[in-house]
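These notes are about the structure you will find just below.
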Amino acid sequence: MDPFVEETGYDVQIVDAPGKYVASLEAQQQANNIEWDLLDSTSAPDAYIAYDKGLIEKMPDDVRERISEVLPEDAVTDFGITWSILGYITACNAAAAQACPQNTAEMFDTEQFPGSRTSISTSPLVNLSLAEVASGVDVADLATHEIDMERAFAKLEEFKAAGGTWWNSGDQFMQVFSTNEVDMGFGYSGRSYAVAEDMENLEINWEGGLYNPGFWNVVEGSEDSEAAWEFVEWIATHPEAAANWGQALGYSVPNPDSFDYIEPEVAETLADFPANRELLGGMNFNWYVENYQEVNDRWQEFLRG
């Protein structure tokens, strides 16, 4: 943010609001009190739902036209640009587990790979998509695959029966490994490598994982939306600034030129590194939007059960 502030003179205030953007934006709209202008790293499932609900703005045509000149086509949507791109991948403490899964299907095989498990509690689409991969859906087809909820939830019941903890933040994901609450599970790629820095026996595998972009979004009703879109365009067109962020946080950024500024050993841990990207599947966000209420109701019931 600092280089942008220096160039523009804008007064930028950063509010820490991890996750649950949709619920927070709905509350702000209902109270007629929009507190935020710009959302950083909105998870893809939340971004698609937020746009469908009218909680985030459509990108102005002129901004989109200019951004599309520098970013890949799949990095630009009606409602923002991709950012903080991560993989949901497998991590396993080899010092605690009898054997470590090498891919998503094996992570769901609780007989061959016994041990307590963890996965994200706040994203049903992620868990359902992983369950479908474990049921044999090819990662190449996942982004357009309509999830079989009966099959996927049955698979997740097997996963849950192994015991463990459902994490709701990156910090908690790291904690459940560092305190030996779990033996293995699914987590953010960047956080997984952060755990591995202190846990030399942590095995990380990308095969059968999920490619999950975050997004920069502008909040519907923002009084400073013009300045917010100015920032989105700025970060899209400043690859070195984006690279500095990606290098520090361990997540991919959308401008291909940014990789010229990222150290090779860091690049190899990012979701857009070719050897990693080819192992990951996309998610069917349109299916999630169409089935949002049913999916979330069943997910909450699953977590309570």
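Bear in mind these aren't lab numbers, they're just calculated from the coordinates by the rules spelled out. Here the structure is a predicted model, which means the values were calculated and not measured. So basically every Cβ, Gly included, is an ideal-geometry build from the backbone, and we count neighbours across all protein chains shown.
Beta bridges per DSSP, both residues in the chain: antiparallel share near 75 percent. Each Cα pair under 8 Å and six or more residues apart adds its separation to the average, and for the range 178-280 the resulting relative contact order is 30 percent. Any idea what angle helix 189-198 forms with the longest principal axis of the chain, computed on alpha-carbon atoms, 0 to 90 degrees, nearest 10? The answer is roughly 60 degrees. Applying a DSSP loop filter and a limit of 15 other Cβ atoms within 10 Å to the GluC sites (Glu not before Pro) in the range 242-279 leaves Glu268, Glu278.
The distance between label points at Ala227 and Asn296 comes to 3.1 nm (points 7 Å beyond Cα on the Cα→Cβ vector). Only helices enter the 222 nm calculation for the chain: every DSSP H run of n ≥ 4 contributes -39,500 (n - 2.57), and dividing by all residues gives -12000 deg cm²/dmol, rounded to 500. Relative to the longest principal axis of the Cα atoms of the chain, the long axis of helix 21-30 makes an angle of roughly 50 degrees.
Principal-axis analysis of the Cα atoms of the chain puts helix 225-236 at an angle of about 60° to the longest axis.
In straight-distance terms, cross-link reach from Lys160 covers every one of the lysines whose alpha-carbon lies under 24 Å from its own, apart from those fewer than eight places away in the same chain; here that gives Lys20.
Need one word for the range 164-305: rounded, prolate or oblate. Basis is the Cα gyration tensor (sqrt eigenvalues a ≥ b ≥ c); a/c below 1.5 gives rounded, then a/b vs b/c decides.
Numbers: a/c = 1.83, a/b = 1.12, b/c = 1.63.
Oblate is the answer for the range 164-305, as a/c is 1.5 or above yet b/c matches or exceeds a/b.
Taking every alpha-carbon pair under 8 Å whose residues sit at least 6 apart, the chain reaches a relative contact order of 29 percent. Eigen-decomposition of the gyration tensor built on the alpha-carbon atoms of the range 86-153 gives equivalent ellipsoid semi-axes of 22, 12, 11 angstrom, largest listed first.
Positive contributions from Lys and Arg (+1) and negative ones from Asp and Glu (-1), summed over other residues with Cβ under 11 Å from the Cβ of Met59, come out at -3.
From least to most packed, judged by other beta carbons within 10 angstrom and beginning with the fewest, Ile14, Ile34, Ile235, Ile89 follow the order Ile14, Ile34, Ile235, Ile89.
Largest GNM mean-square fluctuation across Tyr51, Tyr88, Tyr188, computed for the chain with C-alpha springs under 10 Å, falls on Tyr51.
According to the square roots a ≥ b ≥ c of the eigenvalues of the Cα gyration tensor, what is the shape class of the range 1-48, taking rounded for a/c under 1.5, prolate for a/b larger than b/c otherwise, and oblate for the remainder? It is oblate, given that a/c is not under 1.5 and a/b is not larger than b/c.
In terms of other Cβ atoms within 10 Å, Lys160, Lys20 run from fewest to most in the order Lys20, Lys160. Here the alpha carbons of the range 1-159 define both size measures, Rg and Dmax, at 19.8, 59 Å.
Kindly list the residues of the range 128-159 that lie in the label zone of Asp74, defined by a backbone N under 15 Å from the point 7 Å along the Cα-to-C-beta vector. Of the residues in the range 128-159, 139-145 have backbone N under 15 Å from the label point off Asp74. Please list, in order, the residues from the range 277-305 whose amide nitrogen is less than 20 Å from a point placed 7 Å along the Cα→Cβ vector of Glu158. Under cut-off, by backbone N: 281, 299, 302-303, 305.
List Cys92, Cys100 from most exposed to least, where exposure is judged by having the fewest other Cβ atoms within 10 Å. Walk me through the numbers before you get to the answer.
Numbers: Cys92 27, Cys100 22.
Lowest to highest Cβ neighbour count: Cys100, Cys92.
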